[in-house]
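Student: Okay, handing you the structure first.
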Amino acid sequence: MKQEQCIFCKIIAGEIPSHTLYEDENYKIILDVGPATKGHALIMPKSHYADFYELPEEAAADVIKLAKKMMIHMTDKLKCDGFNLVQNNGEAAGQTVNHFHMHLIPRYKNDGEILKYIAGEPDREELERIKRTITE
Ligand code: AMP
Ligand code: ZN
């Protein structure tokens, strides 16, 4: 399952070079070329799925297990102080490469507010309306 124009499929096929941290039959972890912090990496399945909506459940479980192992390993090697797992789906959510991937972002004290968002201030009625929209 390879998509001709997909940059990550090309990386997986060896047509574009990458800095590979880990690889097995089904998954690959590479360094991000535009890192938010030192060691910023990406986990991707070798099969092409556009996003988390498309990713089969078994693969989702594999990715989480792999993320946990790699996060522990990278924390040990890089001596980082914290870690973000980030996963974008769709243009509105900031996804720029439409081949499912999860960001592994080591965090260091005072490395900047790279993932900061502005907290909203909904009242209780608004929260209750949203809850009903989701649960009913
Ligand atoms: P997203 O915005 O979640 O789709 O993330 C895509 C990520 O892929 C960005 O952080 C890019 O820096 C990264 N990226 C794009 N092209 C490459 C490449 N050839 N090798 C490694 N990372 C890449
Ligand atoms: Zn792809």
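Student: So which residues in segment 2-29 are at pLDDT below 95, under 20 Å from the mean Cα position of the chain (by Cα) and not basic (Lys, Arg), if there are any at all?
Tutor: Answer for segment 2-29, where residues must be at pLDDT below 95, under 20 Å from the mean Cα position of the chain (by Cα) and not basic (Lys, Arg): just Gln3.
Student: Now for a separate question. Within the bounds of segment 42-59, is there any residue that is within 26 Å of Leu78 (Cα to Cα) and near ligand 1 (Cβ under 9 Å from one of its atoms)?
Tutor: There is at least one residue in segment 42-59 that is within 26 Å of Leu78 (Cα to Cα) and near ligand 1 (Cβ under 9 Å from one of its atoms).
Student: Would you mind finding the one in Lys65, Lys38, Lys2 that is in contact with a strand residue (DSSP E or B) (Cβ under 9 Å, 6 or more places away or on another chain) and more than 10 Å from ligand 1 (Cβ to nearest atom)? Please lay out each step first, then the result.
Tutor: Details: Lys65 fails: in contact with a strand residue (DSSP E or B) (Cβ under 9 Å, 6 or more places away or on another chain); Lys2 fails: in contact with a strand residue (DSSP E or B) (Cβ under 9 Å, 6 or more places away or on another chain).
Result: Lys38 is the single residue among Lys65, Lys38, Lys2 that is in contact with a strand residue (DSSP E or B) (Cβ under 9 Å, 6 or more places away or on another chain) and more than 10 Å from ligand 1 (Cβ to nearest atom).
Student: Where in segment 1-75 are there strands (runs of 3 or more DSSP E), lying fully within it, with 2 or more residues that are more than 16 Å from ligand 2 (Cβ to nearest atom)?
Tutor: In segment 1-75, 20-23 are the strands (runs of 3 or more DSSP E) which contain 2 or more residues that are more than 16 Å from ligand 2 (Cβ to nearest atom).
Student: Can you name the residue in segment 94-126 that is surrounded by 10 or more Cβ atoms within 10 Å (Cβ to Cβ) and without any contact (Cβ under 8 Å) to a residue 12 or more places away in the chain and, of all such residues, is nearest to Ala67 (Cα to Cα)?
Tutor: Gly112
Student: Take the residues in segment 26-35 that are open to solvent by less than 60 Å² (accessible area, probe 1.4 Å) and within 22 Å of Glu4 (Cα to Cα), then tell me which one is farthest from ligand 1 (Cβ to nearest atom).
Tutor: By that ranking, first place goes to Tyr27.
Student: Tally the residues that are free of Cβ contacts under 8 Å to residues at least 40 places away in the same chain and open to solvent by less than 80 Å² (accessible area, probe 1.4 Å), restricting the search to segment 1-25. Break it down into steps so the answer makes sense when it comes.
Tutor: Filtering segment 1-25 for residues free of Cβ contacts under 8 Å to residues at least 40 places away in the same chain gives 4-5, 10-20, 23-25.
Narrowing the set further to residues that are open to solvent by less than 80 Å² (accessible area, probe 1.4 Å) leaves 10-14, 16, 18, 20, 24.
Of the residues in that region, 9 qualify.
The values are calculated or read from the model by the stated rules, or taken from the named source; none is laboratory data. As the structure is a prediction and not an experimental result, all values here were calculated from the model. Ideal geometry is used to build each Cβ from the backbone, glycine not excepted, and the neighbour counts take in all protein chains shown. Surface areas here come from the heavy atoms of the whole protein model, side chains and all, with no ligands, DNA or RNA. Shrake-Rupley method; radii C 1.70, N 1.55, O 1.52, S 1.80 Å.
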